[in-house]
Structures are given as C-alpha cells and as structure tokens.
Amino acid sequence: MTTMNAVLAAGGPELHPQAAEGVQSVAWLLIALPLAGAAILLLSGRRTDKWGHLLGTAMSLGAFVVGVLAFFQMLGQHADGRSRLVHLFPFISAGSLKVDMNLLVDPLSISFVLLITGVGSLIHIYSIGYMSHDPDRRRFFAYLNLFVAAMLLLVLADNYVGLYIGWEGVGLASYLLIGFWQHKPSAATAAKKAFIVNRVGDFGLSVAIMVMFATFGSLSYQDVFGQASQASQGTITAIGLLLLLGACGKSAQLPLQSWLLDAMEGPTPVSALIHAATMVTAGVYLIVRSHAIYELSPDARLLVTIVGVATLLAGAIIGCAKDDIKKALAGSTMSQIGYMVLAAGLGRPGYVFAIAHLIAHGFFKAGMFLGAGSVMHAMNDDVNMRKFGGLRKVMPITFATFGLGYLAIIGFPGLSGWWTKDGIIDAAFEKGGTSGQILGWLALIGAGITAYYMSRLMFMTFFGEPRWDEDVHPHESPKVMTVPLILLAIGSVAGGAFLILGDRFAKFLAPVVGEPEASHRLITPYTAIVFALMVVGVGLAYVQYLRRPVPRTAPAGNPAVTFARKDLYGDALNESLLMRPGQWLTRLTVFFDNRGVDGVVNGLAAFIGGTSGRVRRVQTGFVRSYALSMFVGAALVVGALFLVRI
Amino acid sequence: MSTVYMAAGDIPTPHIEYGRLAPVLIVLGAACVGVLVEALAPRAQRYGLQVLVSVVGLVAAFAWTIALGIGDQPHHVAAMGAVGVDGPTLFIQGTILVLALMSMLLIAERTNGDSPFTAQASTVPGSPEERESLVAGLVQTEIYPLVLFAVGGMLIFPAANDLLTMFVALEVMSLPLYLLCGLARRRRLLSQEAAVKYFLLGAFSSAFFLYGTALLYGFAGSVRLSDIAAAISKQGGTEPLLLAGVALLSVGLLFKMGAAPFQAWKPDVYQGAPTALTALMASCTLVAAVGGVLRVFYVGLETLRWDWRPMMWAVAILTMLVGAIVAITQTDVKRMLAYSSIAHGGFLLTGVIATNKAGLSSTLFYLAAYGFTTVGAFAVITMVRDAGGEAGHLSRWAGLGKRQPLVAGTFAFFLLAFAGIPLTSGFTGKFAVFQAAMAGGAMPLVIVGVVSSAIAAFFYVRVIVLMFFSEPLADGPSVAFSPTTAAAVAVGAFVTLVLGVIPGPALHLAQSAANQLFVR
C-alpha cells in the first residue's frame, strides 16, 4: 500500500489493476462480437449476402454498447480503482516466457474503445449506403469487423504480445481493405506497399518486444513499467526508439510515411475509419501507453517530438499540392498525427492533448472523409477537386457537416480542433529551452499551413463556379450516409470543449498517464498568433482559389510545388535508398543460389540418385544371392562383435 | 502317481497364470475356433463366421490387454518365468491387436464380392481349375485362422522371456505368414515367388536364431534372458561363446525387422504379398519384431551394451541409409514403401540403442505411430486399381490428385507422416527417438537419421508432386471404394493426425508403460 501511495504521490500511474467486475468483466465481448461477425461473414459465403452488412453493423454496434456500459461503470468507480484487469486465459507458456491473455480496461483503453466502436459503428452504417452497389459488400463488412476486433485487441491487451497481435491484425485488415478492389492494379500495389512499409515498423516493434523480454523477463505492461526504472539508460532508449519505429510505420510518420497517400485507393469508408480515425493513431497509443519508458529516456522523447514536427510539416506541405480530395485529406491526416506524436513526445502535459486531439481528429477527419465520399458519390467517383466546385448548393448537408469539420481542423475558436491543437502548441512552448521554442514555432507554422490547404480544399470543392464534367449530376446522398455525417459533425464541434474544459479529460486520464503539473490555460500569448496565422492561411487560399477561377487542369508549378506534388520525393528516396539496393542484393543472392547452392545441391542429389541406382542392382531377385548377402552380413556382425573385444 | 514325481522333484507342475496370458490365449483360441468353423460350417456361411470370430477374438484380447494394463500392477512374469507381462509388452501387444484389427478390415474387404485373396490356393495360376474356382465364387476362408495364429505368435514374441519360447513364437508368427504371402488373387506367380523367398530366407534366419540360442545356452547354462544377464555380470563378457551367440541371435532378430544387411527379403515380399497382408506384416510383424529386439537387448544383453552397441550403431546407420537411398529409384509403390519401412526400422533402432527409459518409451510411441500410418497407407494402395488389380507402378498414380483429391490427399498426408513433417505422428515419433538417442550420446546416429530423413523426404514428396502436379492419365486407375477399407484409412489418418497434433496423452501412455521397464 505504501508503494502504491508513493507511486500515486509521485503522480505516476497505478500499476496494480484490480480484477474487473460487472460489465467490464465481459470486456472480451468487445473483441468477440466483431470477430464473430467477421468469421460468420467470411465463412458462410454468398448465403449471407442479403443481410451480411446488417450483421456486421449490429456486431459493431453491440461492441459499442458494451463499451459505453463499461465506460459508465468506470465513471462510477473511484479514480484510483479505474484500472481493471479481465483475466482470460494463459496464452503462452514456453520456458521462462509466460504470457497471460488479459484485457486491461482503464481510462486510456476505454477512450479508444469508445472512439473505435463509436466512429466505427457510424462508418459501418454509412458503408451500408456507400457500398450498396458493390457485389462484394459482405466481404467488405467482414473485413471492417475484423479490423474493429483487431483494433480493440490492440488497445485492450494488458501486454505487448496481445498488442502486437492486434497490431498485426489491423495491418492485415488494412491490407485487405486497401486492396479491396483487387481488379484495380493500383489498389493491389497500394495494399502491398502499405503492408511492406508497415513490416519495417512492425520489425521495430517486434525487436522492442524481444528486448523487453530479455530485459524484464515479462511482457505485461505491469511488469515492464514496474521494472523500467531498473533497466539501463541505453536499454530504455533502445526500447523507446524501437517502439517509435513501430509507431512511425503504423502512423505514417517520417520516414515511413509513404504508404498512407497510396492507401487512399481503398473505399472511402476505409480511408475514414482506418486511415484517418483509428488505425493510424495506433502509434500515438503505443507511445502514450509506453510513457513509463519514454519518461525515463529524454533522448527517445526528443526524437519522438522531432519525428512529430517533421511529419506535421511534411504532411501539411503535401496537402497543399494535391488535387485529389482524398490525398489532400491523407496529407492532412499525416500532419495531424504529427501533432499527436509531437504531443506524446512532450511528456506529461502532452499525453492528454495527444489523446484529446486524437479523439477530436477521429471525429472531424472521419466526418470529412465520409463527406468526401459523399461528394465522390455525387461526382461519379471522381476525386479531382479541379472538376468540383459550387457543390454547396446541391449538397447542403454534406457541405454543412464538412464545413464544421473544416472549421474544427483549422482551429476556429470554440470548435474541437482549437481546444486540442492549441493545447499541443502551448505544451511545446511550455517544454522550454531552445528545443521548446523551435518545436512550438514549427507547430505554429504548421497550423497556418493547415488553414491554407484545408481552405483550398474547401473552396475548390464547395465554392466557386461548377467545373463539373458534362455527364455529372450531383445530388445529396441518402439518409443512411448523411446521418453519420451529422453525428460526426456534432463531435467535431463539441468534442474538444467537452474534453478540455475544466481539465475533464486530464483528470480522467490521470490514473494512467499521471496528473499534469498545472491546469491547462485556455488563453495563452500564442492563441492570438495561431488565430492570426489561421486567418492568413484562409486569406491566402481565398485569394488563390476563390477570387481567381480554378483551372480544370493543374498548371505547371514551380519546383516547390512539384516537390510537394511528388510527396516530397518520398517514393524516390525509398526507391534509390532501399528498393534498388534491395534488388541488387536479390540479384546477387539469386546468382549465388543458382551457381553455388544449386550446384552443390544438384550434385549431391545426382550422387545419391546414382548410388541408389547402383545399390539397387544388388537386389537381383534371386533368393540365393539374398541368402549370400545375409550370410556375409551375419559374418560381419560376428566379426564386429569380436572386433570390439580387441 | 503325480505325487511320486512331485516328491522326486523331477517335473514340477507348471503354474500357469491364465489371467495374465489371456490375450494370447483368446487369439489362439479364436484361431482354433476358426479351424473348427472351416471344418464344420457350410461353405456359404464360413466367410461371415470367420470374420466374426476373428473380430470378436481380437477385440476381446484387446479389451483384456487394457484391463491387464490398468489392473495388473506391479507386473510379473508368468508361466514359470517363460513370459513377461509388463508395461512395454502390454503396450506392444495392445498396439499389435489394434493394428491387426485394422489390417483385418483390409483382409476381409470385398469389392463386388472379390476378396483380395485367391479363390483356391491349390490351383495352378492360369489353369482351367483356377478359372473354375473363380467362376464358382470359392473363397479361401482359411486365411482368417492363419492370420489369428500369426497374430498369436506376434503377441508371444515380445513377451517371451526365454529364448526357446521366443523361437517358438517366431515360428508361430512366421509360418502362417509364409503361407499367406502366396495367396494373392492377382499376379499369383509373383505372390507365390514372394512366399517361397520369404520362407527360404526366414528358415535361414531361424537357423541363425537357434544357433545363437544354443551358443548362449552353452555360455549361461540357461535360455532364460534373466539368467543370461546374470551370467554376463558374473563371468564378464569375454567368452567367444557369448559373443558369437549374441551375434547370431541378433542376426535372427534383425532379419525379422528387416534391418540392413538382412533387408533383402522385404521389397520382394512386400511387393508380392497381397496388399492387405503387406499391411499386416509392415505394421504388426514389425511391431512384434522390434518388441522382441527390445526385450532381448534390454533384459538379456543390457549389461553387455558396450560390446553390442558399435555393431548396432553400424546396423542402424546402414539400415537408415540403404532404406532411404534405394527407395529413390523405386518405381513400384509397394516396393517404395518396403524400402521406407526398412528406413523406419533404422530409426527405430536408434531408439533401441539408447537403452534407457526414454529410448524405450520413444520406441514404443514410434511403433504405434508408424503402425497406424502404415496400415492407412497400404489401405489406400488397395483402393487405387487398374483393370488388372492394384495400380502398382508409380507412373499410374500421375494426376490422381486431380481426379480423386480425397484419396490422393489422404495418401499425401500419410507420406508426409512417413517423412516426419510436423503436425503428423511421424514428426513426433522421430523427434522422440532422436531425442532419446541424443540423450544416450548417439549424436552421429541422430545426424545420419536426420540426413536420411531428408533423403527419404525426396521420394515421398515426389509421389505427392506426381499425384497433384501431373496431368491425369487418360486411362488412369479408378478408386474402388469399400466401407471397410475406407474405415481403415480413416482410422489411420485420424490417429496419424491426433498423434501429431496432440501427442501428449499417447506419449504419456508410452512413458508410463516404459516406466517399470521389462520384468525379468
């Protein structure tokens, strides 16, 4: 008890969760329901085509209900007792490696559970309409359910092995869904690219897990974090950097960002759920969950912030140059996750804003992606914004909901993004020192660019003169699609204030990530600067894309524009640094395999075959020669026994 | 009168523990009933009666064996020390009985009323009499008592605690088999040739066995294994009489196992014999032979192990390599499996040589695992038929996987088990014997074992490739389905899978059987 008090007094997390009761004790249902949905839909084949999408949606909604009940039960518990363990089964017992499959229901995981199941359910509902004409709608819902199950396992596991299984599970679901339209070679390639780039990150995560096992002899959060302070600084930093590599892969942070833009080949609900709201934020979850490691390693933390800032700028710059509405949003996603990673790297005040921004972003970005899907629906699946324009009149609901998301992301005062993003910028300056100043100013500039590219997107799509193709007749989407848009828009508007006002979320998360030193200041000197930069960004976009007509074909830009259009030459870099040398290495090994290994193997095989052919002739079929061979054999056996005697 | 003899102490009345010997007695009794059926029952009813008697006899004996295994502990010798009823023996006997039951399913198989055995063995192949007997629909139902006698011999062989009992068991087991080998319905000349070869070479090896027994009697003054062991400890193992006796006895035993260089009979006999009988020989006879080897080397010659180990090492290595290498160039499925069986004999010897509890238990497990896979594999062979009987030549199996995916898939599964691929019983068995051999310090043996497994994998996989990746023949073989054969295949596949996926219970059973070692 004294140790626990000491831990609490230090503001650290509570390390000894109690056993779960009530609804929380059946938290496994959260994972089991969507998993069962996926299994039923995948195994039953075309028989479930008629109602498969309804089952998938029901499973997701069911998980949401369980999540909400567990959440309210948690609210009824004392702040010290909100971390609850659900014991499931002993998973691995091999030598000294023992992993129990337990679920950890605590404020951090329940926040994710509500986001995943809540936004996930809305996107399930939206997809009923969006995918209604697709012959493979059942398969689509099966994959969505699979994703929800894996993502919930990722956030609910109480150990790194469970997290890793979920991590790989969402990777698989992401692969399957990016490549959902396999008939498109571009989709298949994008799926492969996402998978391969993620392997690099997963490699980091798996090595981190191995180092943890070697160091601590256990992989449960409780043991690892409890013993973290006893490990050497070098080990902790190594673990932190390896975890960061994992986070970079999954969250599309530099230098593993290249897959996210291509991943937009998948159906738009997938982009909204997996590649905006939930899966890509898993890296942020990983860092915040492992905060006990990062708090012991300033070096690892610094690198986290650098990665975050670099990515938030890179994503914003890419977002400025894209004419493809989904790719512009994808660049924005990269950028916003960069903010979250930055916040997660800043330490205790940042964790709350990282997760708060993550949740707010989950709402407004999912809303905007679904809005983009609604626009594409209206525009015959065209994604080129240069052929949009003036849609606000024909699609009022989509316009309104998208507009609210837009205001939220650019940080319009009072909306979600303003609360959470300003908090991150503020926390960066709070860090103090030169690094704090640099991070803070770069984050500020990023906010300005965000305002510019999002306004550009907004103006090109919804304002100005229509530049539609002739056979396009835009119309508002059906209710099954607009209702989720409206619900997400409500979240975009109110989510931030709800979480930040009165330090509500900070207090809620305190048992996990610790109490921030001071209460959050709502208005800081930087608030005005952020607002000013936002106005500048919007104004610039207004001048460029609303005052002047937008050309239907993209004008040849200057080198800077080309740089941004080519995703900052990320692919070129990967190709020259990794792909080409990899191909050379492959050729070399193939050469060696053909000439060296095959030669030896074939020679050996020929030798054994030849021996076989020769020995076979001894088998003459004459019983007299068999008898002779037996006699000789018997003589040899007798001789051998006597030989041993000598 | 008898009291006079008793008082004189000349011939004591032997005390027989009928309860402990019951499994053997039931099987032999059933065989005798079979003979009576043959003599008394009308021709039309013999087939049904014989199958009934055989199955009931085998099942009853198996049930009794289980009862003995559970209830009769600690184990003792029986029949004045002539027979040992102990854990390993009961495990072996139980295995033999189940495998015999499975083989019986193949032997009793009838597709369109055709038995795999000849209608009348006494007719000359190709003669008018043969044709008449076929047309008359005669059935050689004597095979059932013969099989039961052979099984009875197999049950005694690993239990025999003295060399003379063992010799009698050897003959009881072998003589019916010689006869049965010549009773194939098709390709009768090949079958009869196999029978004669088996008989001649078997008689030759029996002579070795008997000569070895005589020499050991000369050394120890007794044929009892425990007495021989005692004599070796007392006198030290320097006597030429002892060494020559051990060598010749080993020759007799190794011949039955088909270990190199005494393997020559195996391919010819396995190919020529009716496949149902090959299944019986490849499973039950091998189990019995290895059981006998285990008892002789663990009980009688255990103290002499430093002398016989080098020789047995050489035999094991040669056996594994010869089996694996020569199998590569075989073109007949049954011959290929015969060589595979030789190689597996070598793997079994690595477990025998370990002479410790782990070696014993892993050998027992291997025997059971291999037995089920073998019966299943031969059962599949009986199903794949051409116009002239079974499609023996490998080229006829090309593309079978495309026309008969289930049959070919099951056969492929058995082949993978032979090759020792994980998730099959073959892997578990090999792993267990190699582990035991390594613990016993026989690293070179293990290396040779693994290398020959790799060589062997080639010809197993080649058959799989042939079945699944070749174009089917236009006039390819068809699959003759019969419920009994299918049952044997299913049981074989099921056990092969279970022992591969959850081997724990079976390994535990083998361990507890081996726990007390052999009684003396």
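Look at the stretch A:598-627: where a residue is at positive phi and a partner is of a type outside the set (Val, Ile, Thr), sitting 6+ places away or on another chain with Cβ atoms under 8 Å, you get A:621/B:268.
Taking every residue in the stretch B:110-126 that is of a type in the set (A, V, I, L, M) and pairing it with any residue that is outside any loop (DSSP other than H, G, I, E, B), at least 6 positions away or on another chain, the pairs with Cβ-Cβ distances below 8 Å are B:119/B:130; B:119/B:133; B:119/B:134; B:124/B:130. Regarding the stretch B:433-443, can at least one residue be identified that is under 30 Å from residue B:478 (Cα atoms) and among the polar types (S, T, N, Q)? No, there is no match, as no residue in the stretch B:433-443 is under 30 Å from residue B:478 (Cα atoms) and among the polar types (S, T, N, Q).
Restricting B:21, B:58 to those that are at pLDDT 90 or above and touching a helix residue (DSSP H, G or I) at 6+ places or on another chain (Cβ under 6 Å) reduces the list to B:58. Taking the listed residues A:310, A:344, A:328, the one that is within 14 Å of residue A:509 (Cα to Cα) and part of a helix (DSSP H, G or I) is A:344, with no other qualifying.
Screening B:254, B:248 for residues that are crowded, with 21+ Cβ neighbours inside 10 Å, among the aliphatic types (A, V, I, L, M), touching a Phe, Trp or Tyr at 6+ places or on another chain (Cβ under 7 Å) and closer than 23 Å to residue A:622 by Cα leaves exactly one candidate, B:254. All of A:308, A:319, A:347, A:338 fail the test of being small (Gly, Ala, Ser), modelled with pLDDT under 90 and buried (at least 24 other Cβ atoms within 10 Å of the Cβ), apart from A:319. Consider residue B:319 against the criteria (1) out of contact with any Gly (no Cβ under 6 Å at 6 or more places or on another chain); (2) among the β-branched types (Val, Ile, Thr); (3) within 14 Å of chain A (Cβ to nearest Cβ): it satisfies all of them except one. Which criterion is unmet? Unmet condition: (1).
For every residue, the table says whether it meets (1) among the hydrophobic types (A, V, I, L, M, F, W, C); (2) more than 30 Å from residue A:511 (Cα to Cα).
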| residue | (1), (2) |
| --- | --- |
| A:20 | yes, no |
| A:25 | no, no |
| A:28 | yes, no |
| A:37 | no, yes |
| A:46 | no, yes |
| A:50 | no, yes |
| A:68 | yes, no |
| A:72 | yes, no |
| A:76 | no, no |
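Looking across the stretch A:198-256, the residues that are at pLDDT below 90, of a type in the set (A, V, I, L, M, F, W, C) and farther than 25 Å from residue A:85 by Cα come down to A:200, A:231, A:252, A:254, A:256. Residue check: is residue A:565 of a type outside the set (Gly, Ala, Ser), touching a helix residue (DSSP H, G or I) at 6+ places or on another chain (Cβ under 6 Å), under 21 Å from residue A:326 (Cβ atoms) and surrounded by 13 or more Cβ atoms within 10 Å (Cβ to Cβ)? When the stated conditions are applied, residue A:565 passes them. Going through (1) out of contact with any helix residue (DSSP H, G or I) (no Cβ under 6 Å at 6 or more places or on another chain); (2) outside any helix (DSSP H, G or I); (3) not basic (Lys, Arg) one by one, residue A:376 falls short only on (2). Is it fair to say residue B:305 is in contact with a strand residue (DSSP E or B) (Cβ under 9 Å, 6 or more places away or on another chain), more than 10 Å from chain A (Cβ to nearest Cβ) and modelled with pLDDT under 95? No. The helices (runs of 4 or more DSSP H) found entirely in the stretch A:221-288 that carry 1 or more residues being of a type outside the set (Lys, Arg) and without any contact (Cβ under 8 Å) to a residue 24 or more places away in the chain are A:221-227, A:233-250. The set of residues in the stretch B:322-333 being more than 9 Å from chain A (Cβ to nearest Cβ) and either more than 18 Å from residue B:392 (Cα to Cα) or buried (at least 21 other Cβ atoms within 10 Å of the Cβ) (or both) consists of B:323, B:333.
Of all residues in the stretch B:454-469, those being away from chain A (no Cβ under 14 Å) and either touching a helix residue (DSSP H, G or I) at 6+ places or on another chain (Cβ under 6 Å) or buried (at least 18 other Cβ atoms within 10 Å of the Cβ) (or both) number 6.
Residues of the stretch A:116-165 that are closer than 10 Å to residue A:56 by Cβ, aromatic (Phe, Trp, Tyr) and under 18 Å from the mean Cα position of the chain (by Cα): A:143 alone. The helices (runs of 4 or more DSSP H) found wholly in the stretch A:533-646 and carrying at least 1 residues that are more than 46 Å from the chain's Cα centre (by Cα), within 14 Å of chain B (Cβ to nearest Cβ) and under 30 Å from residue B:201 (Cα atoms) occupy A:598-616, A:623-645. Taken over the stretch B:313-340, residues that are without any contact (Cβ under 8 Å) to a residue 60 or more places away in the chain and either under 17 Å from residue B:250 (Cα atoms) or of a type in the set (S, T, N, Q) (or both) amount to 3.
Condition check for residue A:553 on (1) surrounded by 11 or more Cβ atoms within 10 Å (Cβ to Cβ); (2) touching a residue at least 24 places away in the same chain (Cβ under 8 Å); (3) not aromatic (Phe, Trp, Tyr): one failure, at (1).
The values are calculated or read from the model by the stated rules, or taken from the named source; none is laboratory data. Quantities reported herein were computed from a predicted structural model and do not represent experimental measurements. Glycine also receives a Cβ, built like all others from the backbone with ideal geometry; neighbour counts cover every protein chain displayed.
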